[in-house]
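Single-structure report; data block below.
The values are calculated or read from the model by the stated rules, or taken from the named source; none is laboratory data. Bear in mind the structure is a predicted one, so any value in this text is a computation, not a measurement. So basically every Cβ, Gly included, is an ideal-geometry build from the backbone, and we count neighbours across all protein chains shown. Ligands, DNA and RNA are excluded from the accessible area calculation, which covers all protein heavy atoms including side chains. Shrake-Rupley method; radii C 1.70, N 1.55, O 1.52, S 1.80 Å.
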Amino acid sequence: METKQFKAESKRLLEMMIHSIYTHKEIFLRELISNASDAIDKLYFKSLTDDSVGLKKDDFAVWIYTDKDSRTLKITDNGIGMTEEELENNLGTIANSGSLKFKSENKLDEDNQIIGQFGVGFYSAFMVAKKVTVISKAFGSDKAYRWESEGVDGYTITEDDKKSVGTEITLELLDDTDDEKYGEFLDEYRIKSLVKKYSDYIRFPIKMEVTHSRPKEQTEEEKEQNKPLEYEDYIEVETLNSMVPLWKKNKNELKEEDYKHFYTEKFYDYNEPIKYAHVKNEGMPSYNALLYIPSKAPFDYYTKEFEKGLQLYSNGVLIMDKCADLLPDYFSFVKGLVDSEDLSLNISREILQHDRQLKAIAKSIEKTITAELKKMLKNDREKYEEFWKAFGLQIKFGVYSDFGMNKDKLQDLLMFTSSNENKLVTLDEYVTAMREEQKYIYYATGENISRIEHLPQTELLKDKGYEILYLTDNVDEFAIKSLNKYKDKEFKNVSADDLGIEDTDKKEEIKAKEEENSDMLKNLADSLEGKVEKVILSQRLKSHPVCLTSEGEITLEMEKVLNAMPTEQKVHAKRVLEINPEHEIFEKLKAVSDNKEKLAKYAKLLYTQALLIEGMNIDDPVEFSNLICELM
Ligand code: ADP
């Protein structure tokens, strides 16, 4: 009997298989079951038009047998089978070796993702077996053949007396080592859970004889004597897979409960999802999807550890647990799965990333999520606000990141707390409620709402009846800056130099006053030794004596946020100290304007006061306190 050599490429793939790390090895079962299911598919299809097949739909099945004594695992199917030639061609070479090509081009180490995430077909059997025997009889052929191999050394093909059409694959498992217990794959429980994990939705039954234990029947006498129960084993055939995936069922067959139950089971979340969507896309790209929005952010959601992604199935077979490419970062909270018939099992992660089909699916999914969120915002405000509390931050990051590339898509999902009753409003609601003469969308930043409410800068705006958006998250102002405008209305920080509300008469008046007191204002600024860019008379203050604003691109809030980041380079907002010319403090200042020393003390006091109102750190609390006492 001649031992044949594998083709060179196949040999390399085999070697790679054999040395792959253990956690990936379990997928061999998925691969063999998928092949069996494909073979059954082919014969079943034939049976619809060809009576000589002699099988009805219910007759088709994949069987799994384990035998601990001989350490063998057997997978059989009554599918189309393989001829001698097919055994030679299909199992001697790798038809589509995309994975292998990728591997050789990119020099990955052994712990690469290819095997773990993607199918590499029949060869994966060698990850767990020292010997693989395939006995097959093709439909329409009167002879059966046996293909045997112990790995890289080659294979033999001989005749066999198998009577029924189909294929039988026997794996003689590798010996256990300290780290790797191949014997596990003889364990019924392990097999059952692997089938559940990877092959639950294979559309033909996957059957196994499972051993159960039951108490033996007792005689009346034994019962009376209270004899302890004895147990006996019995064997029962079980179908291990549930066959029809939920997402392939008709929507009208399914109740809300079914979807929610599936979610809590599959994604290990105690809380029901806030929203779900069942997508059946029949055009291009064709796919089914179940998408869920959780009601709460997972504990690690806003950390680096969190991994986004949807489960990816190819025709009911799991090929990837967290396919990150299916979700943009700003929708990373979405859980669910995608099943597409157009994706091949034998595809590596990197190839998948560039797969056009996958890209089209991702795009379509993004559209669906956006539409669902908008629908929720429109029809179920309460729920949307709940959603916003859990994941709004992520959406705001989305507006700001990637240089604002996605802002147009996301801007209508945004919500901010409004100065009107502290309710959450959308930008659209804000703009719709704007006063006729109002030029800008106003916003104020601060650590929390009550701090912002007390900012002197907001006084005049509120007095005019203008709504202000309260921004309390670090990312908020960056997001707003990325937007720049919403429906042609510019955003304006309440601390900005020109709020667009000043009436011209008053402006003139203040300008005149500033000129009149220009020496004093300059002295005030000088005495603050570079802490402020300048000291001016304010047009925005009503009752408060002072406030601190900024000039230029970087605001005080941005300075705070950016400088809190662990980078060397610190940014600096150009501070402007504004003094209320209507306040009696202004008269006081004028009265001491000739006394430079005293003026300097007032300057320090007012500046520190403004810092405190802004919620910023003051440089020297002791000096501040001493100054107060001294001037009192
Ligand atoms: P793939 O399934 O991706 O084509 P495999 O290496 O798993 O790659 O299998 C190679 C080929 O061998 C299959 O395409 C199929 O034609 C054949 N084959 C494998 N297993 C079976 C089986 N159980 N019954 C019939 N043909 C099979």
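Please sort by residue number the GluC sites (Glu not before Pro) in the stretch 201-257 whose DSSP state is loop and whose Cβ has at most 10 other Cβ atoms within 10 Å.
Details: sites: 209, 217, 220, 221, 222, 224, 230, 232, 236, 238, 253, 256, 257; in loops: 217, 230.
Here the GluC sites (Glu not before Pro) that fit, given the DSSP loop and packing criteria, are 217, 230.
Taking every DSSP beta bridge that has both residues in the stretch 404-513, what percent is antiparallel when rounded to the nearest 5? Numbers along the way, then the final one.
Numbers: 6 of 14 bridges.
Within the stretch 404-513, antiparallel bridges account for around 45 percent of the total.
For the peptides 604-610, 242-248, what is the packing order when you average, over each peptide's residues, the other Cβ atoms within 10 Å and list the highest mean first?
Numbers: 604-610: 21.4, 242-248: 16.9.
Output ranking for 604-610, 242-248: 604-610, 242-248.
Report the net charge of residues surrounding residue 438, where surrounding means a beta-carbon distance below 9 angstrom and charges are Lys +1, Arg +1, Asp -1, Glu -1. Walk me through the intermediate numbers first.
Numbers: positive: 435, 439, 464, 489; negative: 436, 437, 467.
Net charge around residue 438: +1.
What lysines sit close enough to residue 68 to cross-link, taking a C-alpha to C-alpha distance under 21 Å and skipping anything fewer than 8 places away on the same chain?
In chain and number order, the partners are 25, 130, 131, 181, 192, 207.
Only sites in a loop by DSSP and with at most 11 other Cβ atoms within 10 Å count here; which GluC sites (Glu not before Pro) in the stretch 400-445 make the cut?
Values: sites: 421, 429, 436, 437; in loops: 421, 436, 437.
Filter output for the stretch 400-445: 421, 436, 437.
Report, to the nearest 10°, how far helix 27-47 tilts away from the longest principal axis of the Cα atoms in the chain, using its own Cα long axis and a range of 0 to 90°.
60
Could you tell me how many degrees, from 0 to 90 and to the nearest 10, lie between the Cα long axis of helix 8-18 and the main elongation axis, the longest principal axis, of the Cα atoms of the chain?
70
Could you order the peptides 549-562, 324-337 from most to least packed, using the average number of other C-beta atoms within 10 Å per residue?
Details: 549-562: 18.5, 324-337: 21.5.
Descending mean neighbour count gives 324-337, 549-562.
For the stretch 246-385, what % of the accessible area comes from carbon and sulfur atoms, probe 1.4 Å?
Values: 3350 of 7220 Å².
Heavy-atom surface of the stretch 246-385 belonging to carbon and sulfur, 1.4 Å probe: 46 percent.
So how exposed is residue 234, as accessible area in Å² (1.4 Å probe, rounded to 10)?
60
A 18 angstrom limit on the alpha carbon distance is what I want to check against. Which of 409/485; 304/560; 531/570; 506/604 exceed it? Before the final figure, lay out each step's value.
Values: 409/485 14 Å; 304/560 23 Å; 531/570 15 Å; 506/604 28 Å.
Where the Cα-Cα span goes over 18 Å, the pairs concerned are 304/560; 506/604.
Step through the table entries 511/590; 255/308; 378/489, compare each Cα-Cα distance with 19 Å, and write down the pairs that go over it.
Violating the 19 Å limit, Cα to Cα: 255/308; 378/489.
Mind ranking 387, 299 by accessible surface for me, highest first, 1.4 Å probe? Write out the running numbers ahead of the final one.
On the way: 387 0, 299 195 Å².
Ranked list, largest accessible area first: 299, 387.
Can you put 1, 82 in order of accessible area, largest first, using a 1.4 Å probe?
On the way: 1 165, 82 35 Å².
Highest to lowest solvent-accessible surface, that is 1, 82.
Keeping every protein chain present and rolling a 1.4 Å probe, give me the accessible area per residue for the chain in Å².
Details: 32710 Å² over 632 residues.
Spelled out: the 1.4 Å probe surface of the chain, per residue, equals 52 Å².
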